[in-house]
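The next block holds one structure in the form of structure tokens; read it before the comments.
Readers should treat all values here as calculations from the given coordinates under stated rules, not as data from a laboratory. All values derive from a computational prediction rather than experimental measurement. Quick reminder, even Gly has a Cβ in these numbers, built from the backbone with ideal geometry, and neighbours come from all protein chains shown.
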4 protein chains.
Amino acid sequence: MSKNFLYNDNIGFCDLLDYMGEDLDIVNSARVSFDVSHAKLEDRDEKLIKYLYRNKHTSPFEHCTMKFACKVPLFVARQHMRHRTWSYNEVSRRYTDVNLEFYTPREFRAQAKTNRQASIHDGMLTNPVVKTTSGSTQDWITRADEALLSHTRKSVKLYNTFLEKGICREQARMVLPQNMYCHYIATANLLNVLKFIGLRNKPDAQWEIKVLAEQMGAFVQELFPTAWEAFTENTK
Amino acid sequence: MSKNFLYNDNIGFCDLLDYMGEDLDIVNSARVSFDVSHAKLEDRDEKLIKYLYRNKHTSPFEHCTMKFACKVPLFVARQHMRHRTWSYNEVSRRYTDVNLEFYTPREFRAQAKTNRQASIHDGMLTNPVVKTTSGSTQDWITRADEALLSHTRKSVKLYNTFLEKGICREQARMVLPQNMYCHYIATANLLNVLKFIGLRNKPDAQWEIKVLAEQMGAFVQELFPTAWEAFTENTK
Amino acid sequence: MSKNFLYNDNIGFCDLLDYMGEDLDIVNSARVSFDVSHAKLEDRDEKLIKYLYRNKHTSPFEHCTMKFACKVPLFVARQHMRHRTWSYNEVSRRYTDVNLEFYTPREFRAQAKTNRQASIHDGMLTNPVVKTTSGSTQDWITRADEALLSHTRKSVKLYNTFLEKGICREQARMVLPQNMYCHYIATANLLNVLKFIGLRNKPDAQWEIKVLAEQMGAFVQELFPTAWEAFTENTK
Amino acid sequence: MSKNFLYNDNIGFCDLLDYMGEDLDIVNSARVSFDVSHAKLEDRDEKLIKYLYRNKHTSPFEHCTMKFACKVPLFVARQHMRHRTWSYNEVSRRYTDVNLEFYTPREFRAQAKTNRQASIHDGMLTNPVVKTTSGSTQDWITRADEALLSHTRKSVKLYNTFLEKGICREQARMVLPQNMYCHYIATANLLNVLKFIGLRNKPDAQWEIKVLAEQMGAFVQELFPTAWEAFTENTK
């Protein structure tokens, strides 16, 4: 599939590397309960997939697998890796000090008033917009990018000095800010991909991980269209 | 792949239904740590696979997946399903009462003297042989098959009577003996397939599950030859 | 806690052996997010527990643990052990041939007409009742107990003969019917105890496992009353 | 138990908050296989615990649980949270911007020559020492602390400016360096605590996580002395 750029900075991405199975495999895994197998997806198979998902008979969704390459900022990678049913392999900053890249958001968001953990933006599928309380703050915000970039550059410079002076990579990395990009491979079965999307493509999730969840959702929709319908029908 | 009959009764089997990945994917998952990827498996990649397995850096083995269809006796299925990292879907005796089949071992084994849980047989990869203490017991053993078959037939007859009289399947099944065959789909990543084989293809495992582990091992060897070498080198 | 007899046959039971934590630990695990801890459960803590469960912020429920001793028929144990987040240790019929016990249901249930997998009974919390289509079948049903008992006795007799003749336990057990009781220890964190109850204390679950789920629910209610309320409010 | 300070900066710690079980529970969980239970730990029980661990019969170790409070630098927390069998709850920098603290290592380590991922230090249980190639580098190293502190202070200042200007916490945090302390609660069963220690208290692990593994090991040794012996006898 074509590479998908996230975050409008031409750095982050979520690619599908490999997968196993299709909608038909879900019903055939389920129908092993009745000792029956179909060769082609029929209308009643689609109904069965939706019935299974709706009634939490989710084990048949575990025999399909998806493998992604992800490149996202550290704070997004940390949220992703809290999902313990996935398998991960990540570029290690103990091993390598090359290809350091950093996230610079296209827009900064304001702190939400009512939800302590959230930010204000215009809904789930659109880009976040800057909401500020006054013109002068707005002026400052337009300079936040610059402050972030300058801070990032200084951090990398200190990191390189540490390395030049002989300090080990595993310690030197601690000066790097958390907008550092993480590159990793992530594999899960279809059920756990859907669980991830269900928990992270929500209004109260951080925008940066919702974007990741949406892109994974697009891959699911393409490869497992009926499972995707079942999922969306059961997700408010 | 060709269907594999287990247990010499033309009933049990372990088929590979689907899989994802190859040896090369293991090294490329590992090399994401150095931000490096190879297009073709090289000698040093094979060394890396063995290094990873030997040093318990096992996460790169989790991005390959194998999906099996298994048909084994109930007591083997129960041992298999104790492995909690696998995904399973099984013919349910709450749903269906057709296609009942039962295991009749080609040979009975004697109780081991020293290991309370084991039986006596001639090593891991050969068929078990009957070891008896006396001629008269041997005579009886030759009739054990007959006794098992007769018992199985009576059990099925009682089961069918229960169903005819209107007793629900989910209760009627309780009269069926544990040599009943279970048919299920089982999926796991390569690491957990190897863990299963490592625990079940051992001298103190029950012969009937060792046969299952061996057949899975044959599939691993065919699909992931270097991973299989790494595994066998680290398994006494 | 007092021992609980299931199934009215004085054999099956579900005991609480040990546990860790209380409702307060759930909120304090959650409040670590805000770097705050309470010494005593307050009203707003109860609200927080319910908020967390309702919004699927379930990780704070994982720091409490429950450990049970269960003795249930084989087909119930198999359903329980499909829950892969639990830890289990079970009496092994490879090791021991003593203390064989078998389930004889107080009542047989009829096959449900509409739900292929279910049986007919009078709701979730009451004992199942026999529903039969005609008087003559009813007569037969009253003799089903007898048939089951007789079958069980013959099975045990054949099992003992197999052992006497020197056949290993691990093979001999295959003649035993599936109403055989299994005795095991089962441990899970509170979240996964609740997930088990949620999936097994449902109208379409087999009565015999619903009884187990109910008893576990009673222990949860006693030890974690607020978590239990949160759970029941979110379970239709 | 008494609070344990890690890293010599009076900030990091690993406390035991709660636990369930003792050595005796391991053997009784194992002995459920023979339908036997002991009231007091005997010599042969200790032998059994060691036999079980040595032969990878590890399920009896899963019925004991340990719950820790940890405060470690971000890069250590990330390594810990790669262990997917544990339960975690962490202070969220989406929720709160108070109590920011940062790790300043007592000593910097040099990059290892042969092992790309490691640093040079004097063995597993002692503090790491600075190894440098020349006097002038040594001079610089003595000023590395200062550089790290200054960088950390500037990062916090920028973070606070971002917040004052109205930028949401979940974005502002991205300027914070990775020596930021993370505070979290971590729970696992004894088997998975031992697996963590086995993988992280190794020569090629980063010193900062080895210290965490050692402290957890001290708690295991105090609470489960026989299990700890079994573990150390099987860990090179």
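Summary of values
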item: Karplus (6.51, -1.76, 1.60) ³J(HN,Hα), θ = phi - 60°, over the stretch C:64-79, in Hz, Gly and Pro reported as x; result: 9, 9, 9, 10, 10, 9, 10, 9, 9, x, 3, 5, 6, 4, 4, 5
item: Cβ neighbours within 10 Å from other chains - mean over A:157-164; result: 3
item: Trypsin sites (Lys or Arg not before Pro) restricted to the stretch D:15-72 and DSSP loop, no more than 13 other C-beta within 10 Å; result: D:Lys40, D:Lys56
item: Ranked list, fewest to most other Cβ atoms within 10 Å of each Cβ, for A:Ser119, B:Ser29; result: A:Ser119, B:Ser29
item: Position C:Glu222, label points 7 Å along Cα→Cβ, spacing to each other copy in nm (shortest first, one decimal); result: 3.1, 5.5, 5.5
item: B from C by rotation - nearest chain C beta carbon to the axis, in Å; result: C:Arg84, 2
item: Peptide B:176-182 - average C-beta neighbours from other chains (10 Å radius); result: 5
item: Average beta-carbon neighbours from other chains, 10 Å sphere, peptide D:75-87; result: 4
item: Rounded to whole Hz, the Karplus (6.51, -1.76, 1.60) HN-Hα couplings of the stretch C:191-200, x for glycine and proline; result: 4, 6, 5, 5, 4, 4, 4, x, 7, 9
item: Other-chain or far-sequence residues with amide H under 5 Å of D:Cys168's (modelled H); result: A:Arg109, A:Ala110, A:Gln111
item: Listed peptides B:86-95, B:184-193 by packing density, highest first (mean Cβ within 10 Å); result: B:184-193, B:86-95
item: Local net charge near B:Leu74, Cβ-Cβ under 12 Å (Lys/Arg +1, Asp/Glu -1); result: +4
item: Exposure proxy ranking, count of Cβ atoms within 10 Å, fewest first, for C:His57, A:His63; result: C:His57, A:His63
item: Other copies of B:Asn10: label-to-label distances in nm, shortest first, labels 7 Å along the beta-carbon direction; result: 5.0, 6.7, 8.2
item: Least to most buried among D:Asp18, A:Asp23 (fewest other Cβ within 10 Å first); result: D:Asp18, A:Asp23
